[in-house]
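Reading through the structure tokens given below for one structure.
The values are calculated or read from the model by the stated rules, or taken from the named source; none is laboratory data. Treat the numbers as computed from the prediction; the structure is a model and nothing was measured. All Cβ positions, even for glycine, are placed from backbone atoms using ideal geometry, and neighbour counts span all protein chains on display. Remember, those area values only see protein heavy atoms, side chains included, never the ligands or the DNA or RNA. Shrake-Rupley method; radii C 1.70, N 1.55, O 1.52, S 1.80 Å.
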Amino acid sequence: MIVDRMLPGLDGLGIVKTARAAGVTTPVLFLTTMAGIEDRVQGLEVGDDYLVKPFAFAELMARINALARRPPIAQVPTVLRVADLEMDLIGRKVRRAGREIDLQAREFRLLEYLMRNAGRVVTRTMLLEHVWEFHFEPRTNIVETHISRLRSKIDRGFEAELLETVRGSGYLLRAPA
């Protein structure tokens, strides 16, 4: 989008802010006579580029081409799902089959890691490194204890079990076949 800052009614900044709030990720180039430092900073905080009038047409084309070459903004999921298990990363809530599950902070991190790796075997070492940030082998059963508590919270009372122990390898979170 090429947007002027000075538009009647809602200004260009307001239009772009509204579009961004609606999830529009199209690159935005502000094309305007507003040349002050604060004007440019505001424009660059909302849009992707800022060009002050008067300008050379060749520069405008070069900036449009540069914006077109940028890779699209990746949408980072804020809700993870495995079967009927759902984790809201922003609200910090977990539900299974619509029923809210209360997790402690470490259990939440553990489940998040398992959900991000759903369908893959996750080893004890991987969990120690990514959930506990241990880079050594502690002589403790901390992983097994947390897995047991997590399993009781997300699987007990539900028709199908999602969290499996893979003997000799680790743990697997997956939807039942």
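Test each condition in (1) among the basic types (Lys, Arg); (2) open to solvent by less than 70 Å² (accessible area, probe 1.4 Å); (3) within 30 Å of VAL143 (Cβ to Cβ) for ARG63 and report the one that comes out false.
The number of the failed condition is (3).
Any residue in segment 144-156 that is in a loop (DSSP other than H, G, I, E, B) and not charged (D, E, K, R)? Outline the logic, then answer.
Taking segment 144-156 first, the residues in a loop (DSSP other than H, G, I, E, B) are 155-156.
Pick out the ones that are also not charged (D, E, K, R) and you get none.
Scanning segment 144-156, I find no residue that is in a loop (DSSP other than H, G, I, E, B) and not charged (D, E, K, R), so the answer is no.
Does segment 148-160 hold any residues that are at pLDDT below 95 and touching an Asp or Glu at 6+ places or on another chain (Cβ under 7 Å), and which are they?
Pass one, segment 148-160, residues at pLDDT below 95: 156-160.
None - no residue of segment 148-160 is at pLDDT below 95 and touching an Asp or Glu at 6+ places or on another chain (Cβ under 7 Å), so the list stays empty.
Yes or no: ALA97 open to solvent by 60 Å² or more (accessible area, probe 1.4 Å), among the hydrophobic types (A, V, I, L, M, F, W, C) and either modelled with pLDDT under 95 or within 30 Å of LYS153 (Cβ to Cβ) (or both)?
yes
When you go through ASP102, ASP155 one by one, which is the residue that is more than 30 Å from ASP48 (Cβ to Cβ), acidic (Asp, Glu) and touching a residue at least 40 places away in the same chain (Cβ under 8 Å)? Don't jump to the end; show me each part of the working.
On the way: ASP155 fails: touching a residue at least 40 places away in the same chain (Cβ under 8 Å).
Being more than 30 Å from ASP48 (Cβ to Cβ), acidic (Asp, Glu) and touching a residue at least 40 places away in the same chain (Cβ under 8 Å) holds for just one of ASP102, ASP155, which is ASP102.
Please give the number of the condition GLU164 fails out of (1) more than 29 Å from ARG20 (Cα to Cα); (2) in contact (Cβ under 8 Å) with a residue 12 or more places away in the chain; (3) outside any loop (DSSP other than H, G, I, E, B); (4) not polar (S, T, N, Q).
Failing condition for GLU164: (2).
Condition first: small (Gly, Ala, Ser), touching a strand residue (DSSP E or B) at 6+ places or on another chain (Cβ under 9 Å) and within 18 Å of ILE101 (Cα to Cα). Now tell me which residues in segment 128-172 satisfy that. Break it down stepwise before answering.
Initial filter on segment 128-172 (small (Gly, Ala, Ser)): 148, 152, 157, 160, 168-170.
Add one more test, that the residue is touching a strand residue (DSSP E or B) at 6+ places or on another chain (Cβ under 9 Å), and what stays is 157, 169-170.
Hit for segment 128-172 is GLY157, nothing else.
Please go through segment 22-66 and pick out each residue that is under 23 Å from the mean Cα position of the chain (by Cα) and touching a residue at least 24 places away in the same chain (Cβ under 8 Å).
Here is the first cut: in segment 22-66, the ones under 23 Å from the mean Cα position of the chain (by Cα) are 22-28, 44-48.
The answer is THR25, THR26, PRO27, VAL28, VAL46, GLY47.
Which condition from (1) at pLDDT 95 or above; (2) open to solvent by less than 60 Å² (accessible area, probe 1.4 Å); (3) in contact with a Gly (Cβ under 9 Å, 6 or more places away or on another chain) is the one that LEU85 breaks?
Condition (3) is where LEU85 drops out.
Can you work out which of the residues in segment 167-177 that are in a strand (DSSP E or B) and of a type outside the set (Ser, Thr, Tyr) is nearest to LEU111 (Cα to Cα)? Reasoning before the result, please.
Taking segment 167-177 as the starting set, the residues that turn out to be in a strand (DSSP E or B) are 170-173.
Subset that is of a type outside the set (Ser, Thr, Tyr): 170, 172-173.
Working: GLY170: 14, LEU172: 11, LEU173: 9 Å.
Across segment 167-177, the extreme among qualifying residues is LEU173.
Do any residues in segment 116-138 that are open to solvent by 60 Å² or more (accessible area, probe 1.4 Å) have Cβ atoms under 6 Å from those of residues that are outside any helix (DSSP H, G or I), where the two are at least six apart or on different chains, and which pairs are they?
VAL121/VAL166; VAL121/SER169; VAL121/GLY170; VAL121/LEU172
Please determine, by comparing only the residues of segment 8-36 that are closer than 22 Å to ALA62 by Cα and hydrophobic (A, V, I, L, M, F, W, C), which one is surrounded by the most Cβ atoms within 10 Å (Cβ to Cβ). Working first, answer last.
Going through segment 8-36, the residues closer than 22 Å to ALA62 by Cα turn out to be 12, 16, 25-35.
The next check asks that each one be hydrophobic (A, V, I, L, M, F, W, C); those that pass are 16, 28-31, 34-35.
Details: VAL16: 22, VAL28: 22, LEU29: 18, PHE30: 25, LEU31: 18, MET34: 19, ALA35: 10.
Going through the qualifying residues, I end up with PHE30.
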